[in-house]
Amino acid sequence: LVGSEMCIRDRNGVETLAKEIKEKYPDKTIWLYTGYNWEDIKDLTVIRYIDILIDGKFVKDKLDPKLHWRGSTNQRVIDVKQSRDDIVLYTKA
């Protein structure tokens, strides 16, 4: 599979796994790292099973080893459950 076909297959697999984990362990926090921006994926069905999302591609030139949970400064740590209308960044340490 190439291009979008592979992406859809992978997305379906991630959704199936996240759904199963959420059903078996409802108190577990599910994190998803993605190269996509929140604005482009927030309406995907997989998002309903995600608690924290790291969006944006890793950019080596923006690497900052002092960051929590992300590799580059362009990435955001998003509290999905709180970000339906406006983005709420996850800040718990």
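The rows are residues; the columns are (1) charged (D, E, K, R); (2) over 15 Å from the mean Cα position of the chain (by Cα); (3) surrounded by fewer than 14 Cβ atoms within 10 Å (Cβ to Cβ); (4) outside any loop (DSSP other than H, G, I, E, B).
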| site | (1), (2), (3), (4) |
| --- | --- |
| Ile8 | no, yes, yes, yes |
| Glu20 | yes, yes, yes, yes |
| Thr29 | no, no, yes, no |
| Ile47 | no, no, no, yes |
| Pro65 | no, yes, yes, no |
| Asp85 | yes, yes, yes, no |
| Lys92 | yes, yes, yes, no |
Just to verify a result, which residue in the range 67-83, among those that are of a type in the set (D, E, K, R) and part of a strand (DSSP E or B), is most open to solvent (accessible area, probe 1.4 Å)? Arg76
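Among the residues of the range 2-34 satisfying the criterion of being among the basic types (Lys, Arg) and more than 17 Å from Asp55 (Cα to Cα), which is modelled with the lowest pLDDT?
Restricting to residues being among the basic types (Lys, Arg) and more than 17 Å from Asp55 (Cα to Cα), the top hit is Arg9.
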Val59 fails exactly one of the following numbered conditions: (1) loosely packed, with under 11 Cβ neighbours inside 10 Å; (2) over 26 Å from Arg9 (Cβ atoms). What is the number of that condition? (1)
Going by the structure shown, is Asp43 under 19 Å from Lys92 (Cα atoms), open to solvent by 90 Å² or more (accessible area, probe 1.4 Å) and of a type outside the set (Phe, Trp, Tyr)? no
What are the residues in the range 31-45 that are part of a helix (DSSP H, G or I) and under 10 Å from the mean Cα position of the chain (by Cα), if any? Trp38, Ile41
Out of Gly13, Gly35, sole residue that is free of Cβ contacts under 8 Å to residues at least 60 places away in the same chain, touching a Lys or Arg at 6+ places or on another chain (Cβ under 9 Å) and of a type in the set (Gly, Ala, Ser): Gly35
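The values are calculated or read from the model by the stated rules, or taken from the named source; none is laboratory data. Remember, predicted model here, so these are calculated numbers, not experimental data. Note that we place each Cβ from the backbone using ideal geometry, even for glycine, and neighbour counts take in every protein chain shown. Surface areas here come from the heavy atoms of the whole protein model, side chains and all, with no ligands, DNA or RNA. Shrake-Rupley method; radii C 1.70, N 1.55, O 1.52, S 1.80 Å.
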